[in-house]
Every structure is written in structure tokens, then in C-alpha cells.
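S.K.: Dumping the structure here so I can ask a few things about it.
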Amino acid sequence: MRSVRILAVPLLLLVVACSHAQPAPPPAAAENVSPPTPAPAPAPAPEPVATPVAPAPIFVSASVYFDYDSSDLTPATRDVLQVVFQQAQKQPDLDIRIEGTREYNLALGQRRADAARQYLVNLGLDGSRITTISYGKERPRALGDDEAGWKENRRDDLVPVSSESREVSQASR
């Protein structure tokens, strides 16, 4: 029995010794330890892509034509003026100058320009955006003393004018 006790004591010491936590191993002496690298920065958010916007239609000059010795608006003239009105509504920074020409009478050229202006005002365009002038024989489009030339010169030219240039020209008067 004594031999069992002798064997039991070392076994008991072995069990007790294994049940305790072991000390941490010493750090490696010669290793070059670098600090941990930071996580990579998140990728920047993609820049918003501009969605192309259709440009506003550009208001271009237009001409309307009249019958001989008349300032009455024809259906074709009204159609052109309707298009001019729609373009002018989309571009409030532009004004319209109606340049009347005449085939033989300066007053007739002015009546034609006034008729076109009044039609645009009746459609709803602000009358302060429209100026009229009659040039008479000063600016013919067609030269010649025949019906084709006279017909081409029985017209009003509708010209876009920036509001700023109109204000400058009125201030200089």
C-alpha cells in the first residue's frame, strides 16, 4: 500500500500542475514588428453624372408675307406667328423686333408690323417685349422691278433681340 501512496503523490502533483494556466512565451527577440496596417480607405463615391438636357430651341429670325396693298394676316402668316409666339414663350429673356418693309408705302410697312405685333399680343405675348419699325425701301431683300421682287419685299422680319440690348438702346435715346 505504501507503493500506491508513493505513486499517488506524483500523479496528484502532475494533475495539479497541468490544471493551472501556463505563462505566455517570451516575445521573439530579433523580429522586426511593424504596426498593423490600417484598413484601406473606402473608395470615394462616384461623381454624379449629369443627365444631358435638351437645349431650348433657339429663336431664329422669321419672315411673314402679305398680299399686295394689304396688312391683313394670311393663314400662312398666322401659322408663322404662332411658332414665333411659342418660341418666345420658352425664351423670356429674348424680345422681338418686327421690321416692316414696304413695296411702295412706308405707312403700309408700319401697319403690317403693327398687325403682326397685335396678333402676338392677342396670343398672350407681353407687348413690352415687342418693338416695331418700318424701313421702307431701305432694306429690300429682293432687288428688281418685277412682281417676284415686290412679292419678296411685302414682308415683316421678326428678329430676336436680347432684353439687355433693348434696355441699352432705350437708355441711349
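The values are calculated or read from the model by the stated rules, or taken from the named source; none is laboratory data. Everything numeric in this text was worked out from a predicted model, so none of it was measured. Neighbour counts run over all protein chains shown; Cβ positions are idealised from the backbone, glycine included.
S.K.: When residues of the stretch 136-149 are filtered for being touching a Gly at 6+ places or on another chain (Cβ under 8 Å) and under 15 Å from residue 112 (Cβ atoms), how many remain?
M.R.: 2
S.K.: I would also like to ask the following. Could you please find all residues in the stretch 81-112 being at pLDDT below 85 and over 14 Å from residue 159 (Cβ atoms)?
M.R.: Selection gives 102, 103, 104, 105, 106.
S.K.: I'd like to verify a number: residues in the stretch 153-173 that are among the acidic types (Asp, Glu) and at pLDDT 85 or above, how many?
M.R.: 2
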